[in-house]
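Coordinate-derived values only; no laboratory data. A quick note: this is a predicted structure, and the numbers were derived from the prediction, not measured. Quick reminder, even Gly has a Cβ in these numbers, built from the backbone with ideal geometry, and neighbours come from all protein chains shown.
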Amino acid sequence: MALVIRLRREGTKNRPFYRIVVLDSAKRRDGGFLESLGTYDPGLEHNNFKMDLPKVEGWLAKGAATSGTVASFIKKSRAVAK
């Protein structure tokens, strides 16, 4: 089972809200997930995502891959944490 960390769309029509989740790569975008790691709200201008970086690091250590968007969030979170 290949794990991936990616965005799961929630919210209403024309008002998207995303959760950063870990799930099997074969599942659909909004399918069942293993764990929620954070949120992303594209409607906000600054500080539009929140992420539990220690949990993300744990999943990456277990071999989970990331989507491009989530990889950029991780990079920004690591820069702020330093």
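Does the range 1-14 contain at least one residue that is exposed (fewer than 13 other Cβ atoms within 10 Å of the Cβ), within 12 Å of the chain's Cα centre (by Cα), in contact (Cβ under 8 Å) with a residue 12 or more places away in the chain and in a strand (DSSP E or B)? The answer is yes; a qualifying residue exists. So which residues in the range 55-69 are outside any helix (DSSP H, G or I), among the hydrophobic types (A, V, I, L, M, F, W, C) and within 16 Å of Ser36 (Cβ to Cβ), if there are any at all? The answer is Ala64, and nothing else.
Within the range 15-35, if we keep just the residues that are surrounded by 11 or more Cβ atoms within 10 Å (Cβ to Cβ) and small (Gly, Ala, Ser), the residue that is farthest from Leu53 (Cα to Cα) turns out to be Gly31.
Across the range 36-54, a minimum of one residue is classified as hydroxyl-bearing (Ser, Thr, Tyr), closer than 15 Å to Phe73 by Cα and surrounded by fewer than 15 Cβ atoms within 10 Å (Cβ to Cβ).
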